[in-house]
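What follows is a single structure, written as structure tokens, with notes after it.
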Amino acid sequence: MTEALDLIFRDATLPGRAGTVDVGVSGRRIAAIEPRIEADAPEIALHGRLAIAGFVDSHIHLDKACLLGRCGHVHGGLAAAIRAVSAMKQSFTEEDVHARGAQVLDRAIAKGTTRMRTHVEVDPRVGLRGFEAVKALKRDYAWALDLSICVFPQEGLTNDPGTEELLVAALNGGADVLGGCPYTDTAPHDQIERLFALAERFDVDLDFHLDFDLDPSWTHLDEVCRRTERHRYHGRVTVGHVTKMSACAPETFARTAQRLSEAGIAVTALPATDLYLMGRDHTHNIPRGVTPVHRLAREGIACSIATNNVLNPFTPFGDASLLRMANLYANVAQVEPEAFDLCFDLVTSAPARLMNLTDYGIAPGHPADIVVLDAGSPAAALAEIAEPILGFKNGRQTFAHAPAQIFRPR
Ligand SMILES: [Zn+2]
């Protein structure tokens, strides 16, 4: 060892690597990974438990989380949820958004998340208040997770005067990614065109809410594919929901997967919201409405499973646990145990790839982000929703969970 170590994790199992290893940390970085590190430094014995670089939540809405008790609306589907939040967000203050976002971030940290992309609504009703609050959260929580901010027009762009100017102001003010929502726009293709132009101007990636219904007879995906190719944006565009793909026949699914692959477009499934909002017009035999992203991932398409909404009209559930979300997905998508590892990837390394994060993963030189799960493998962690026991961000401990105690009768 040439470098002095500050901490050694002993006998860790790492995803995709046989046997156990020691992981040495120096300052904020991982310095060494070896079967046995001989050095004098404080140690944490993992006894073969799984260590990962943390979960990566590629799609969550911090600005409209934790609104439940405030809305009293009828839970009737997507349009009703958008209307309910639209009415509420006029009264959002920066303090309010910050407090609700912080509540979710505290939970996400304790569930092992170390990287996150949050969508933030920007329009004349909320102005830049949500964006400013999330910017403050990014700064205030940098000790525990890297927060990437994706601003987007939830209620339309071309039909909502003033929205584009606000998006430009947010992009000038430090937004990292540009989002879209063509299905609420009166001119969806024009929105897609405007957003590609803006993304190119600011050199940011794009992340669309797209094709969020179960009618396979029409799609906005074709236009996003065309624009991605025209702007040479391969590897920089993500589409979320795309629930239409769960409703199309196998031949159409295969053809669409081929298109996505050629255009280099990534896909995010949002199981909690998709399950809650899709199929509302069915009285029985209700479709699941979750696109099988593990099958797209097998075709080499960058995919992720993400949280989306927490305790609001879009999804009145949520604990910000990505491992629980991956488990929910696997259950709903009837994933066989052989593909549990793949589903685990969809909340760790796959979203890191989708977000173009180049320093994710437990590897020498990377940030010392280490989350230990009470399981011996990714597949076991997924099947059992293993408890995250402890976590580090940039070499500093961020959380710990005490093991449960069982009190047997004498
Ligand atoms: Zn969303």
**Asked** What residue, among those in segment 90-145 that are closer than 20 Å to residue 172 by Cα and under 17 Å from the mean Cα position of the chain (by Cα), is most open to solvent (accessible area, probe 1.4 Å)?
**Response** 138
**Residues of segment 196-247 satisfying the condition of being among the acidic types (Asp, Glu), touching a strand residue (DSSP E or B) at 6+ places or on another chain (Cβ under 8 Å) and either crowded, with 24+ Cβ neighbours inside 10 Å or more than 23 Å from residue 57 (Cα to Cα) (or both)** = 207, 211
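Could you tell me whether any residue of segment 51-70 is open to solvent by 60 Å² or more (accessible area, probe 1.4 Å) and in contact with a helix residue (DSSP H, G or I) (Cβ under 9 Å, 6 or more places away or on another chain)? Don't jump to the end; show me each part of the working.
Looking only at segment 51-70, we keep the residues that are open to solvent by 60 Å² or more (accessible area, probe 1.4 Å), and these are 69-70.
From what is left, the residues that are in contact with a helix residue (DSSP H, G or I) (Cβ under 9 Å, 6 or more places away or on another chain) are 70.
Checking segment 51-70: at least one residue is open to solvent by 60 Å² or more (accessible area, probe 1.4 Å) and in contact with a helix residue (DSSP H, G or I) (Cβ under 9 Å, 6 or more places away or on another chain).
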**Message:** With the structure loaded, tell me whether residue 402 is buried (at least 17 other Cβ atoms within 10 Å of the Cβ), over 21 Å from the mean Cα position of the chain (by Cα) and aliphatic (A, V, I, L, M) or whether it fails that test.
**Reply:** no
**Request:** Starting from residues that are within 17 Å of residue 263 (Cβ to Cβ) and outside any helix (DSSP H, G or I), keep the ones in segment 235-250 and report whichever is nearest to the ligand (Cβ to nearest atom).
**Result:** 240
**Item:** Residue list for segment 265-289, restricted to those being in a loop (DSSP other than H, G, I, E, B), away from the ligand (no atom under 11 Å from the Cβ) and within 10 Å of residue 243 (Cβ to Cβ)
**Value:** 278, 279, 287, 288, 289
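Go over the candidates 293, 310 one by one and state the one that is of a type in the set (A, V, I, L, M) and within 14 Å of the ligand (Cβ to nearest atom). Walk me through how you get there before you give the answer.
Details: 293 fails: within 14 Å of the ligand (Cβ to nearest atom).
Testing whether each residue is of a type in the set (A, V, I, L, M) and within 14 Å of the ligand (Cβ to nearest atom) leaves just 310.
Going through segment 113-133 one residue at a time, which ones are more than 30 Å from residue 344 (Cβ to Cβ), away from the ligand (no atom under 16 Å from the Cβ) and either outside any loop (DSSP other than H, G, I, E, B) or touching a Cys at 6+ places or on another chain (Cβ under 9 Å) (or both)?
Initially, segment 113-133 is screened for residues more than 30 Å from residue 344 (Cβ to Cβ), giving 121-133.
Those left that are additionally away from the ligand (no atom under 16 Å from the Cβ): 124-125, 127-129, 132-133.
Across segment 113-133, the qualifying residues are 127, 129, 132, 133.
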**Item:** Checklist (1) modelled with pLDDT of 95 or more; (2) part of a helix (DSSP H, G or I) applied to residue 70, failing item
**Value:** (1)
**Matching option when the condition is part of a loop (DSSP other than H, G, I, E, B), under 27 Å from the mean Cα position of the chain (by Cα) and within 16 Å of the ligand (Cβ to nearest atom), among 81, 65** = 65
**Request:** Scan segment 151-162 residue by residue and report those that are surrounded by 24 or more Cβ atoms within 10 Å (Cβ to Cβ) and in contact (Cβ under 8 Å) with a residue 40 or more places away in the chain.
**Result:** 152, 154
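The values are calculated or read from the model by the stated rules, or taken from the named source; none is laboratory data. Since this is a predicted model, take the numbers as computed values, not measurements. Heads up, the Cβs are rebuilt from the backbone with ideal geometry, glycines too, and the neighbour counts pull from every protein chain shown. We work out accessible area using only protein heavy atoms, side chains counted, and drop any ligands, DNA or RNA first. Shrake-Rupley method; radii C 1.70, N 1.55, O 1.52, S 1.80 Å.
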